[in-house]
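Rule-based calculations on the coordinates, nothing more; no lab input. Small disclaimer: the values here were computed from a predicted structure and weren't measured. Virtual Cβ from ideal backbone geometry, glycine too; neighbours counted across all protein chains shown.
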């Protein structure tokens, strides 16, 4: 049973027939891991903590730098030089003291990924490197953990949700990391805000088993033209991960 | 010959290959993912792939930022 304060805090969720008290309890019992406490991870973490996700894991090895503050809204000027996981945990606890925040001030690698991902229900890829995105895709596939991919480039972003073994995965399309290193330009600060928020929504929809997930579709956001485009996807029979099924 | 590239209609001469089209869109030869009618076509198969009327091509760039 929700207490009076919880009823008030989640009143707008409780008023939605798709959520209600039953759905809110599901959200409360869930465990979501956000890999990367930066541009994508900030909005995703804020909305998931505010929504009443009971356990939020955050993994990031970096410290807060001045150039992060243009878009990574979990971190404030006073947090410069602090671990991003510490800065994030502090804000999220202020927002919702009921949420349990588990911090991993480390880099997700093929060595530690399975151990860390194991206890979570849904993974949000909010990382800023291809190598990390591949680590997440590989580990989620091995553990059959659903995940949301998110990526940002200049004025655009892309996202897709993956149910490993059942829907097209990140590596069905992006088999290998690009050989050429991208020049770090951008992004426009609010672009990851849009994509990270979509990732949070997908996690909640997965927990609630409501609506249609962003599976077998890559959603591409072009902020300059202000357009969303959807690219239909299917499991690639030659995919390094999915072909084994 | 009309095809759709990244959701937009394009006119192309007959006999155009997928590799040729990708080169037009990606002159700096960055790594991209290329889908033809929803199927991923690996780079080594793009030169032999002729385009036909009504084909849908997606040339997807890697968005690695977060």
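Classify the stretch B:2-61 as rounded, prolate or oblate from the Cα gyration tensor: take a ≥ b ≥ c as the square roots of its eigenvalues, call it rounded if a/c is under 1.5, otherwise prolate when a/b beats b/c and oblate if not.
Numbers: a/c = 1.37, a/b = 1.30, b/c = 1.06.
Rounded, because the longest to shortest axis ratio a/c is under 1.5.
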Checklist line | Beta bridge orientation in the stretch A:21-180: antiparallel %, DSSP, nearest 5 | finding: 30 percent
Check: Tell me, what is the percent relative contact order of chain B, built from C-alpha pairs under 8 Å that lie six or more residues apart?
Finding: 45 percent
Check: If you count, for every residue in B:30-40, the Cβ atoms of partner chains within 10 Å of its Cβ, what is the mean?
Finding: 5
Item checked: Partner chain coverage, peptide A:231-241 - average Cβ within 10 angstrom -> 3
Next item on the list: Go through B:12-24, A:145-157 and give me the packing order, highest mean Cβ count within 10 Å leading.
Entry: A:145-157, B:12-24
Next item on the list: Once you have a ≥ b ≥ c as the square roots of the Cα gyration tensor eigenvalues for the stretch A:85-208, tell me rounded if a/c is under 1.5, and otherwise prolate or oblate according to whether a/b is larger than b/c.
Entry: rounded
Check: Taking chain A as a Gaussian network, Cα atoms linked when under 10 Å apart, which of A:200, A:142, A:190 shows the biggest mean-square fluctuation?
Finding: A:142
Check: Highest mean first, what order results for A:52-58, A:36-42, A:11-17 on Cβ atoms within 10 Å?
Finding: A:36-42, A:52-58, A:11-17
Margin query: Only bridges whose two residues both fall in the protein assembly as shown count here: according to DSSP, what percent of them are antiparallel, nearest 5?
Written below: 60 percent
Check: Which one of A:225, A:202, A:18 has the biggest mean-square fluctuation once chain A is modelled by GNM with Cα springs under 10 Å?
Finding: A:225
Item checked: For residues of A:122-130, the mean tally of beta carbons on other chains within 10 Å -> 2
